[in-house]
Amino acid sequence: MPSAPPANLSFPRAWSGLAWLLAGALAWAVAGPVQAQATAQAWLTGFSNAAPGPVPASWHFTTLPNKNPTTFEVVRQDGKSVLKVQADDSYGNLVHPVRVALDGAASLAWRWRVERFVEGTDLRSRSGDDGAAKLCVFFALPTDRLPFGERTRLALARSATGEDVPSETLCYVWDAKEAKSTLLPNAFTRRIRMLVLESGPAGAGIDSWRGERRNLLADYQRAFGDEAGGLQPDIVGVAISADADNTEGHGLAFFSDVEMQGAPAVPQMQATHAP
């Protein structure tokens, strides 16, 4: 059976983009102290060793009130266990907490494929802000680095949710039409930046899978360097997402194991030094 949603989260649908930040808050709250981990597999629980059915318990489902939940379930495909992500006029995130230092060694690798794109998507508009496949990373930048307006909106989100909402989210996207390497803010909030890694259909069969490996520090500096001021905030969560609630459409995607490499986070922040 697909993952079932917990109790609905209590804030307005108009704050759709901030739902990502609430998912990040869940990752922040659940992570707790993290011991040193030596292997890429140790940070994120894989799907390849799971039996068909519910996702591993270390992944947590989040959604919005009064919304159909996007379904996440482990299925067998080509003899392997993978994650199936199906959006049907729905919204949902599958969140895994981590506490990883954002340095040159921090990386994320996975394989994914989109079988059905959500029709009518447009990452540049609120009415079209949907997608069949997103992989997002949460960062804990101190809020005093944000402009006053951004701090105010984030404070409102934290007040509405009662959670210590992380301040930055970077989402890797497989989009139907945006060009590869396009970077743009989320249509609802600048606390989320979208980086398009794949564009349009990939082919059929085994050739439809695409592999990614991202240097998280390089991508973070491209997406948020303008506001970070040289800080390298801790990575506090990873989320797999699909939504089709704005367009009332349908999407279908699959993910392999998501592997993170990096050192455990330490209490203080690190700063880069300009030459």
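The values are calculated or read from the model by the stated rules, or taken from the named source; none is laboratory data. Note that the coordinates shown come from a computational prediction; the quantities given were computed from them, not determined experimentally. Heads up, the Cβs are rebuilt from the backbone with ideal geometry, glycines too, and the neighbour counts pull from every protein chain shown.
In the list Arg213, Arg193, which residue meets the criterion of being farther than 24 Å from Phe61 by Cα and either of a type in the set (D, E, K, R) or touching a residue at least 60 places away in the same chain (Cβ under 8 Å) (or both)?
Arg213
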(message) Only one of Asp207, Asp243, Asp219 is touching a residue at least 40 places away in the same chain (Cβ under 8 Å) and more than 18 Å from Thr121 (Cα to Cα). Can you tell me which?
(response) Asp219
(request) May I ask you to list the residues in the stretch 57-86 that are surrounded by 15 or more Cβ atoms within 10 Å (Cβ to Cβ), more than 16 Å from the chain's Cα centre (by Cα) and under 17 Å from His96 (Cβ atoms)? (result) Glu73, Val74, Ser81, Val82
(message) Being among the aliphatic types (A, V, I, L, M), touching a Phe, Trp or Tyr at 6+ places or on another chain (Cβ under 6 Å) and modelled with pLDDT of 95 or more is the filter here; which residues of the stretch 47-81 pass it?
(response) Val55, Val74
(request) State whether one or more residues within the stretch 76-99 are over 30 Å from Pro54 (Cβ atoms), in contact with a strand residue (DSSP E or B) (Cβ under 6 Å, 6 or more places away or on another chain) and of a type outside the set (Lys, Arg). (result) no
(message) Just to be sure before I move on: is Ala160 more than 18 Å from the chain's Cα centre (by Cα) and either aliphatic (A, V, I, L, M) or buried (at least 21 other Cβ atoms within 10 Å of the Cβ) (or both) in the structure I sent?
(response) yes
(message) For the stretch 195-206, check the following and say yes or no: at least one residue is within 22 Å of Gly149 (Cβ to Cβ) and modelled with pLDDT of 95 or more.
(response) no
(request) Would you please name the residue that is nearest to Thr143 (Cα to Cα), looking only at residues in the stretch 202-232 that are in contact with a helix residue (DSSP H, G or I) (Cβ under 8 Å, 6 or more places away or on another chain) and not small (Gly, Ala, Ser)? (result) Glu227
(request) Kindly establish whether Ala202 is among the hydrophobic types (A, V, I, L, M, F, W, C) and either under 17 Å from Leu252 (Cα atoms) or out of contact with any strand residue (DSSP E or B) (no Cβ under 6 Å at 6 or more places or on another chain) (or both). (result) yes
